[in-house]
1. Contour minus end-to-end for ALA286 and ASP114, with contour as 0.36 nm per residue of separation and end-to-end as the Cα-Cα distance?
2. Say R0 is 45 Å: what FRET efficiency, to the nearest 0.05, do LYS473 and ASN422 get from their beta-carbon distance?
3. For the range 612-622, just list the computed ³J(HN,Hα) in residue order, Karplus coefficients 6.51, -1.76 and 1.60, θ = phi - 60°, integers in Hz, with x standing in for Gly and Pro.
4. Going by amide H atoms built from the backbone, whose H comes under 5 Å of the H on ALA495, apart from near neighbours?
5. Treat every Asp and Glu Cβ in the range 556-629 as -1 and every Lys and Arg Cβ as +1, leave all other atoms uncharged, and give the resulting dipole magnitude about the Cα centre to the nearest 20 debye.
6. About its Cα centre, what dipole magnitude does the range 414-459 give when the only charges are +1 on Lys and Arg Cβ and -1 on Asp and Glu Cβ, stated in debye to the nearest 20?
7. Fully extended, how many nm does the chain gain between ALA106 and GLU276 (0.36 nm per residue separation, minus their Cα-Cα distance)?
8. If amide hydrogens are placed 1.01 Å from N in the peptide plane, which non-local residues have theirs closer than 5 Å to the one on PHE403?
Amino acid sequence: MRLTVRFLALMMHSTMAAMVTTALVFISFMGLGNAQANAAAAVTPTAYSPDKNKVLRYAFEISETGMDPHRVSDVYSTMAHNAIFDSPLHYDYLARPLKVKANTLAALPDISSDFKIFTFHVKPGIYFAPHEVFKDKKRELTAEDYVYSIKRVLDPAHSASLISEFEGNVVGVDEAIAAARKSGKFNYDREIEGLRTLDRYTFQIKLVKSKPIFIYVLTDCRASCAMAREVVEFYGKDIVSHPVGTGPYQLVAWKRSSKMVFEPNPNFREEYFDGEPAPGDKEAEAVLKMHKGKRMPMIYRIEVSIIEEMQPRWISFLSGGQDLMWRLPEEFSTMAVPGNKIAPNLAKQEIRFAQVPNLDLNYMFFNMKDPVVGGYTPEKIALRRAISLGYQTDDEIRVVRKFQAVPAHTPYAPGVAGYDANFKTSANEYSPAKANALLDMFGYNRGTDGWRTLPNGTPLILKSNSTPTDRDKQIDEVWKRSMDDIGLRIEFNKAKWPDLLKASDAGKLMMWSLGGSATTPDAETWLQSLYGPNEGFKGNRANFKLKEYDDAYEAAEVMADSPERTLLYQKMAKLMVAYAPWKINIHRISTDLWFPYVKGFRRPLVQSQSWWKYVDIDLAKRKEFEAKN
């Protein structure tokens, strides 16, 4: 009865739903420029094109930050980049566990037995999307494009978040970066011994030390997606607004933080659906049977709206403004999937759903350079540990997440290499009594107003940061109640996510709760974010520096997956708990819903991987659905 009442209450907002849908349809776009528009006609398209009636509409819950793959680090922008640009390698769409496959390569790379030399052979006949700078010719992807693009990651001017994957790892890279920092300009024509082109279609990367998991770097668009040098130089700093790649789609309309529209790259290569489902994976087997041999992309137009608030995003889906609900807001999980089953009213519309435990980690970082919460002295460690002990993670899971999350016990997610279900830490222990005892012991005494002060008697104010969304407001309330219970005053700065990211890059945030999604199927994807040399924009936003941790990390990174390496990962987890640069919190569960005419959708375990080219729209089914609804 309660479900029915809540659903009817939502449907009373039909006027709002209509307004949302109308706004999405008639939104005015910021143009990409006449030059780029004219360039689209400069090259005769290939004969293949998906049916123009096939349109997929869905929404991001967080705004994109830009269209330069090497200068951004967020999941949502990278998802768009993966549709426009090509990394050499990618993950099989259907395989679980994850399996690396060649993308623009003729085959998987040749790797030396000591995991120091990686040789990549680019497949001939892959072309960039049309652009005027190519002078009416089809511009082929070559090995040099990958070498140039990785050099863009090395350029200090770009503050690339993935620079740490190459700095200190690739032969000759550190010298090139040092020279650029000294001169103020990166020399893109400089020969780098460990990063070079062998011939038109072959490039090679040499590492200074063995690193078996380095192959995963070449699946990450932020590190290795290919850009054409002449296009980058044509636009200069404005390249962030003018993406031109070899991927299946191109950006044809864009209103920042509002809507993006993508249509097929007319020069996209012949590529046909295939995959390698794990034995017994019936869902993947069904998708393979449905799509095997179909040319990709199958959908003509992808419309991505930015709808940050939960209720408008949900109403837009219910009213038909979206074809797919990417990450159902937890607020509506008991309405849409009560007891983890599709609600009867949605079942009548044949709406499909799937729940996937994310390879992710939600955590609060503390800036170790901050004068209040940072530092390595016993009283600073005690403060951070008390904050962690005082936070009610279970309340967040129950009240805010509606049980669409599980507590985290390690700084990496279940399901990745290095995870051991039998190993747990006390990172998610909840004990206000212990928290109060720690604060009392180390001189964080209560003042006459009831709030605790710093040991020197000056006011103690925790300054957290979050976005203005409904979900973050609710999480702020959990933090406020939790800190009230142990006498700590906490204030919240509200800002848009891209603005908080910039402030974090500059080291200006005291505390910020982040969700880190896996880019590789290995625990290292998170552990590197506490490695000292990666401080700041490279990923270590806590600016945590501890020799014992760094030594363990460096020992582990030269090892293949093994019990010995897992023990090193566990040592790092224990050090994280002991020094508390993070309060690790939860692993989220994602619930996606889609209408019955959307065919072949499967949430990627690496969320930044684009899935658009693997999905189809059944036009007959859509027409039938619309007639009935």
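FYI, it's all coordinate maths here, none of it is from the lab. The shown structure was predicted, so the numbers you read here are calculated from the model rather than taken from an experiment. Please note: Cβ atoms are built from the backbone with ideal geometry, for glycine as well, and neighbour counts cover all protein chains shown.
1. 58.0 nm
2. Once the sixth-power term is evaluated, E becomes 0.75.
3. 4, 6, 8, 10, 10, 10, 8, 5, 5, 5, 5
4. Here SER466, THR467 satisfy the definition.
5. 200
6. Numbers: 4 positive and 4 negative charges, 13 e Å.
In debye, rounded to 20, the range 414-459 gives about 60.
7. On the way: separation 170, 0.36 × 170 = 61.20 nm, distance 1.79 nm.
Stretched fully, the ALA106-GLU276 segment lengthens by 59.4 nm.
8. Correct list: ARG398.
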